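Just below is one structure, and these are the notes that go with it.
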Amino acid sequence: MAVTEVYFAERTPSSVRRGIEREYGVRWVVGGGGGLDDSGLRVVARGPEGEVLYAVP
């Protein structure tokens, strides 16, 4: 499974996402209309089609 699939999988724990963010130096995440249920991300903006831009602290 590709790392992006793991990151965006519904059941992926926050700890795994934080590890991916550290490993790849992720600073921003764009999620689809459903959004990510992850308290470790901060919503910055919402797009017209429901996309969400998150800042990675």
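The values are calculated or read from the model by the stated rules, or taken from the named source; none is laboratory data. Quantities reported herein were computed from a predicted structural model and do not represent experimental measurements. Here the Cβ is made from the backbone with ideal geometry for all residues, glycine too, and neighbour counts use every protein chain on show. Note: areas computed on protein heavy atoms with side chains; ligands, DNA, RNA excluded. Shrake-Rupley method; radii C 1.70, N 1.55, O 1.52, S 1.80 Å.
Some observations on this one:
- Scanning the stretch 42-50 turns up no residue that is aliphatic (A, V, I, L, M) and assigned to a loop (DSSP other than H, G, I, E, B).
- Residues of the stretch 1-26 satisfying the condition of being in a loop (DSSP other than H, G, I, E, B) and under 13 Å from Asp37 (Cβ atoms): Ala9, Glu10, Arg11, Thr12, Pro13
- Any hit, the stretch 14-22, residues being in contact with a Lys or Arg (Cβ under 6 Å, 6 or more places away or on another chain) and among the β-branched types (Val, Ile, Thr): no
- Among the residues of the stretch 12-37, those identified as within 19 Å of Ala2 (Cβ to Cβ), charged (D, E, K, R) and either out of contact with any Gly (no Cβ under 9 Å at 6 or more places or on another chain) or open to solvent by 70 Å² or more (accessible area, probe 1.4 Å) (or both) are Arg22, Glu23.
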